[in-house]
Amino acid sequence: MYGLIYNLFELSIFAVAVVAALKAPESAFIRSRQLLNKFDRIALNPKLAIIVCGLLAMIGSLGVSLLLGIPEPRYHDEFSNLLAAQTFAIGRITNPPHPMWIHFETFHVIQQPSYASKFPPAQGLILAAGQIIGGHPIVGVWISVGLACAALCWMMQAWMPRRWAFFGTILLLLQVRFYHNFPYAPGAVLGYWSQSYWGGAVAFLGGALVFGALPRILRETKIFDSLMLGVGLAILANSRPFEGFVTSIATTIALPCLMIRNKCFWRRELFTQVFFPISIVLVLTAGAIGWYNHRITGNAFQFPYLLHSKTYMAAPFFFFQNPLPLKTYNHELIRDFHTGWELKPYLSHQTAWGLLLQTGHKLLTLWGFYLGPTLTIPFLAMIPFFWKDRRVRFALATCGLTLGTLLTVNWIFPHHVAPLTALVSLLIGQSMRQMRLWKWMGKRIGCRLVYAVPVALTASLALFFCLKLWFLREDWSQLRMRIIAQINAQAGQHLVFVRYVRSDRNYLRSHFEWVYNEPDIDNAKIVWAREMNRMKDRELLDYYRNRSAWLLIHDDNNPLILVPYSQTIESDILTQPRVP
């Protein structure tokens, strides 16, 4: 609902900006062009433009965090990525399984044969770099966003004139819109890719390197460009492997085909300066992935993600697959998540009406994230020129292939499509160039509309932050950190049992998870554990006999309760209905 209201506001702002641009006197545009000409010194200098775009993205991400507060982890994926980051930061690849691991089971984390995140390592590595460099994982997020936008500018310079490459990158920086119930702005750069630990910017970086290197290699073979293509593929393989593989299919097909068509496939330098460097990077990447898998799962060909799927998931990845065998869960809350929230989209896809609704929801989600009302009309300007521009054809074909494949997945989030962000930005830049040529009754209204787009985006950006600051309130992530601070204020080490009171909204309740622990559980200040039964809980209490024990009761319909565990022995609290 909030997203719909905000989109209506954004549409209204764009309409006002268009009317103002069409009605403004020509003298205003002359002064604007004189002002913008000063930026040509940046845009026409390729290296300077790349550096400026990267710094603007990094500083903008830092500014949003300072304005709205350093983001706290909120969703399961974030906690899992932070576990990987903490593990890497202390010099480990994975952690040994804990003897009492059954109390510590949580979402998107494997406990056997080792204790580790299920996700590919790229996001964890950049978060670990932020922890080491700046003392906080969010620094790594800012760095990844800066690198991604710098790579985007570099990529755009290979596809279009330098002024438009710089302009297209700035447009991406100005995009901010609501996305569902996320507590932070959802725009690709100044939104949840830079204000959360989900990831997105790293895969965006990989895609920008791949699609920036491809046209350069086709024009002139250079080892640097080949290495950038290989590095981009390596980043995709370690951030969004499936989506990155699908996105890279177009590149792996286009590169040899175009070389054959240009009769330059058999030139010696193609093997020494293109295929050999790319092969070296990919072989090293494959070896590193195999070693990483072996350290975590004990099998070089067994990915942590797939091991987690075999252990916990109730729904297959694609809606056309057969249902997975019923799993045995140790905790009802985990069962509720996998057999509720996770399974629901899969079951919905099994009917024609449900398939239509789910597909529409996915497309609407991606439209709202990447285009929204302001960029939709300029984007449509590209349609009449579809067959006239090879760049547009390639970008649209790649986006169509990837999007068509991802629509077969049960659920989709914008960061799943992050490898396509660079191509989407390219299409937006190309559409703006085409819109610039629009005429109406002999008047070049297209130039005025080009001015209206960044003005509308800037106004929408200002509107978002005004609304955000006005309605800023404590959400679950801040509440969790307040409870942690309350416990940390007590002397000694602590063990917190978490009890979830039954609710009719089981699958929603499972999104507010308390049981996430550090890599070295036994030496952590606070150990979070699931309350089970009296015998199992006594075993854990005996294991941590030197820790102060607490009981935290999470009830969706009542305030949180945090009491010393000793006070619950003969208390009415023990008689409350609970989730084992």
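Determine which member of the set Ala208, Ala203 is in a helix (DSSP H, G or I), touching a Lys or Arg at 6+ places or on another chain (Cβ under 9 Å) and at pLDDT 85 or above.
Within the list Ala208, Ala203, the selection yields Ala203.
Looking at Thr421, is it over 23 Å from Phe167 (Cβ atoms), of a type outside the set (Lys, Arg), assigned by TED's automatic domain parsing to the domain that holds Leu11 and buried (at least 21 other Cβ atoms within 10 Å of the Cβ)?
No, not satisfied.
Within region 97-140, work out how many residues are over 17 Å from the mean Cα position of the chain (by Cα) and assigned to a helix (DSSP H, G or I).
Here the count works out to 8.
Output the residue which, of all residues in region 232-274 that are more than 26 Å from Val417 (Cβ to Cβ) and charged (D, E, K, R), is modelled with the lowest pLDDT.
Only one residue fits best here, namely Lys263.
What is the residue count in region 371-386 for residues that are in contact (Cβ under 8 Å) with a residue 12 or more places away in the chain and of a type in the set (Ser, Thr, Tyr)?
Residues in region 371-386 being in contact (Cβ under 8 Å) with a residue 12 or more places away in the chain and of a type in the set (Ser, Thr, Tyr): 1 in total.
Looking at region 427-465, which of its residues are under 22 Å from Ser194 (Cβ atoms) and touching a Gly at 6+ places or on another chain (Cβ under 7 Å)?
Answer for region 427-465, where residues must be under 22 Å from Ser194 (Cβ atoms) and touching a Gly at 6+ places or on another chain (Cβ under 7 Å): Ile428, Gly429.
Of everything in region 397-411 that's out of contact with any Ser or Thr (no Cβ under 7 Å at 6 or more places or on another chain) and among the β-branched types (Val, Ile, Thr), which residue is farthest from Arg240 (Cα to Cα)?
Going through the qualifying residues, I end up with Thr408.
In the list Leu363, Leu371, Leu375, Leu356, which residue meets the criterion of being within 30 Å of Val16 (Cα to Cα), of a type in the set (A, V, I, L, M) and loosely packed, with under 15 Cβ neighbours inside 10 Å?
Leu363
For region 368-396, what are the residues that are β-branched (Val, Ile, Thr) and either under 15 Å from Gly244 (Cα atoms) or touching a Phe, Trp or Tyr at 6+ places or on another chain (Cβ under 9 Å) (or both)?
Thr374, Thr376, Ile377, Val392
Taking the condition of being small (Gly, Ala, Ser) and closer than 13 Å to Asn410 by Cα, how many residues in region 303-339 meet it?
2
Could you tell me whether any residue of region 57-77 is touching a Gly at 6+ places or on another chain (Cβ under 6 Å) and at pLDDT 95 or above?
no
Which residue out of Lys38, Lys47, Lys23 is surrounded by fewer than 13 Cβ atoms within 10 Å (Cβ to Cβ), more than 20 Å from Leu190 (Cβ to Cβ) and at pLDDT 90 or above?
Unique residue meeting the criteria: Lys47.
How about region 314-323: which of its residues are farther than 25 Å from His103 by Cα and either touching a Ser or Thr at 6+ places or on another chain (Cβ under 9 Å) or of a type in the set (Gly, Ala, Ser) (or both)?
Pro316, Phe317, Phe318, Phe319, Phe320
The values are calculated or read from the model by the stated rules, or taken from the named source; none is laboratory data. These figures come from a predicted structure and were not determined experimentally. We place every Cβ from the backbone using ideal geometry, glycine too, and count neighbours over all the protein chains shown.
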